[in-house]
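The values are calculated or read from the model by the stated rules, or taken from the named source; none is laboratory data. This one's a predicted model, so the numbers in the text were calculated from it and none came from an experiment. Note that we place each Cβ from the backbone using ideal geometry, even for glycine, and neighbour counts take in every protein chain shown. What goes into the accessible areas is simple: the full protein's heavy atoms, side chains included, and nothing from ligands, DNA or RNA. Shrake-Rupley method; radii C 1.70, N 1.55, O 1.52, S 1.80 Å.
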Amino acid sequence: MKIQRDPTSMAAVVAIDGFIPSDDTAVTFGKSKEVASRFSDMYWNLSAYAGSQGERGICWENLLPDFISPALRHDLTNQTKAILFNVWLKDASGPIKLDTITNAAYLLRMLARHAAEKGATVFQALESKSSIVAFLGAGQAQKRAAIRLHALLRKLVALGQSKTTLKVPFSEVRKELLKAHHEFQYNQTPPIPARIYSQLISSLEGDLSNLEGICQPLCAYLSDGLAIGFPNAEVPEQLASYLKDEGLRNGSHGVAQILTRVSGVCGLAIITFSGMRLQEMSSLPFNCLNLGLGGPNAYPLIQGVTTKLKKSPARATWVTSDIGVRAVRLAQTIFGVFHKILGGGKHLKSKDGSYLLFCRTGYLGRGYLPDVQSSGLPAYFRAISRRYSLTIQDQDIEELCLIDPFRPWESDAKFTVGKVWPIAPHQLRRSLALYAHASGIVSIPTLKRQLKHILAAMARYYAKGSAFADKFIRMNPDHFAHEWNEATALAEFTGYTKAIFLPEGELFGAHSSFSALHLKTENPIVFSRRSDTLAAFKRGELGFKETVLGGCTNPEPCKIPPLEWLPLNCLENDCRHMLGVKDRLKLIIRSQESEVARLSKICPESSEYNFEADILARLRQVGERHLQ
């Protein structure tokens, strides 16, 4: 439904008492509380909220399309500014995060453009239920913004109609907003398929090794160039050879590209082997590595700040692996050259953000800012999929179907066979959380080996009730550890789905019979909806863990003694939780036959032989029953 624009809207805007400020109203302030921007400015300076990110701001010049009239442009711009100022900037109860402001501005920009296309103002659009519903249905970006729009409408209602003059239909559109948010969450980018994830890790490790190999000549060249000028600095032979092999120009231009690669490879490795966010990685202080916390058997830790808290950033600690340590040390060595020569050499013990691990170097030092983040990381991450040839194959689509069997992957253009996987930093966080719980879903030996050490570290530090969790994580509600713990249910669900729908071979056991029965019915109880089944895992009604025979669906701790690697009691008593694979049972019987034959030749009268022979007899007995 097209909203007709009120021709007197300009007068209405002027008549709004207090909600649209006067032109000279101060809207943002600098770090010393000086006025940074006024309401009439077409650029609002937000640098005081940016921390180590350098100068940031909002430009209102290109807010709207060119086809609208000057009067409507004036109304839309002023109303958008007024909402941002009154709802987020004015009378803030505490420190405001830059992301909060820029995300709000982005939402208001989308709303203003949507209203402009209908010939309406932002205020008119926010007062119309049909306009809000139409906005939500305009595309995936609007669905993504649904939860922010929900927050905006709730804030406007809280301010009151007497202050805003807006009659917001919040209660009427609340269900539509939550529905749109749910649809967006359902279509979020999934965890990276195991094959692609393993290939990404291998490629990262290869790049890391190559960069470590040229670290010394690269640092020597940077030191000379910063001291005598890069045109006068000689490129070492080993560095020149690397530039040639990579197809980069010999000299300062090629070295500048290597620095971008160092930032990208090290940053991506840190995210991959810690679970931190892009912003958290970008804001790491130079001295962020801690190898001694927790005693001699402790795992390495990275210490920085979390950027997702409601008020101000807080100290945070992440477990990492040897690859994460190598990435931090390589970045420290290379970017430490800039800090040493251009920053006064006070960086080695810096933990307060005055010297960042990934600082902005400009072009080989021209534009060096020690406390401002490198700006090239997001662009490098976007290009990494093509650099590493992360092409989607049929088996990757099959795995996505296991993670979410009810999503139409075949019709999703982003995830078709032959296309490059759209890698993004947040996928690495989710993938690590999922694969950290293995539960039978990681079938690639390489990936198991790649993640072995980080999984052991997370199990030790992040498990609920651990001393580390109580000390470092309890007060940080958005730490990766919480996502790691919450991923248990999804990992068990995915392993269970794989065992049922894509088994290694013919299944046997009580739960196999149960699942087969329900899969044949018109209304399967367990498999009707992914959300219901996943909810059952979250409630603890279902469980799954891989066993030597196949899997166990018991959500409770198993009563089998932990030293018994083979669940013979489950086999003999037909445990209702057993989900066995016949080929695995055959292999176990053959292996046991070989062991008994070996012992019969060397010590046929020993207790060890009698023990193993008894196990073989029991295995053959249950095999006769289950393998028919």
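Looking at Ser411, Ser374, Ser431, which is the one that is at pLDDT below 85 and open to solvent by less than 20 Å² (accessible area, probe 1.4 Å)?
Ser431
What pairs come out if I take residues in the range 571-588 that are without any contact (Cβ under 8 Å) to a residue 60 or more places away in the chain and pair them with residues that are not in a loop (DSSP other than H, G, I, E, B) whose C-beta lies under 7 Å away, six or more apart or interchain?
Between residues of the range 571-588 that are without any contact (Cβ under 8 Å) to a residue 60 or more places away in the chain and residues that are not in a loop (DSSP other than H, G, I, E, B), the close pairs are Leu571/Val622; Glu572/Arg618; Glu572/Val622; Ile588/Leu619.
Outside any strand (DSSP E or B) and modelled with pLDDT under 80: does that describe Phe381?
yes
Among the residues of the range 229-244 satisfying the criterion of being open to solvent by 80 Å² or more (accessible area, probe 1.4 Å) and at pLDDT 90 or above, which is nearest to Gly345 (Cα to Cα)?
Glu234
Report, by residue number, each residue of the range 331-367 that is of a type in the set (A, V, I, L, M), within 11 Å of Asn287 (Cα to Cα) and surrounded by fewer than 23 Cβ atoms within 10 Å (Cβ to Cβ).
Scanning the range 331-367 gives a single hit, Leu348.
Here are some conditions: (1) part of a helix (DSSP H, G or I); (2) surrounded by 14 or more Cβ atoms within 10 Å (Cβ to Cβ); (3) of a type outside the set (A, V, I, L, M, F, W, C). Ser171 meets all but one. Which one does it not meet?
Only one criterion is unmet by Ser171, namely (2).
Listed here are the residues, each with its yes/no results for (1) charged (D, E, K, R); (2) at pLDDT 85 or above; (3) more than 25 Å from the chain's Cα centre (by Cα).
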site	(1), (2), (3)
Lys129	yes, yes, yes
Val133	no, yes, yes
Ala145	no, no, no
Lys167	yes, yes, yes
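Can you work out which of the residues in the range 196-212 that are of a type outside the set (Val, Ile, Thr) and buried (at least 19 other Cβ atoms within 10 Å of the Cβ) is nearest to Ser252 (Cα to Cα)?
Leu211
Might you let me know whether the range 213-221 holds any residue that is buried (at least 18 other Cβ atoms within 10 Å of the Cβ), within 30 Å of Ile397 (Cα to Cα) and of a type in the set (Ser, Thr, Tyr)?
No, there is no match, as no residue in the range 213-221 is buried (at least 18 other Cβ atoms within 10 Å of the Cβ), within 30 Å of Ile397 (Cα to Cα) and of a type in the set (Ser, Thr, Tyr).
Considering only residues that are touching a helix residue (DSSP H, G or I) at 6+ places or on another chain (Cβ under 9 Å) and basic (Lys, Arg), look in the range 80-112 and name the one that is most open to solvent (accessible area, probe 1.4 Å).
Arg109
Could you name every one of the helices (runs of 4 or more DSSP H) located completely within the range 483-600 that has at least 2 residues being at pLDDT 80 or above and crowded, with 21+ Cβ neighbours inside 10 Å?
Per the criteria, 568-572.
Please identify the pairs in which a residue from the range 488-512 that is more than 13 Å from Glu399 (Cα to Cα) has its Cβ atom under 8 Å from the Cβ atom of a residue that is open to solvent by 50 Å² or more (accessible area, probe 1.4 Å) and part of a loop (DSSP other than H, G, I, E, B), counting only partners at least 6 apart or on another chain.
What qualifies is Phe508/Leu627; Gly509/Asp574; Ala510/Asp574; Ala510/Arg576; His511/Arg576.
Return yes or no: is Ser162 in a helix (DSSP H, G or I), among the hydroxyl-bearing types (Ser, Thr, Tyr) and open to solvent by 60 Å² or more (accessible area, probe 1.4 Å)?
yes
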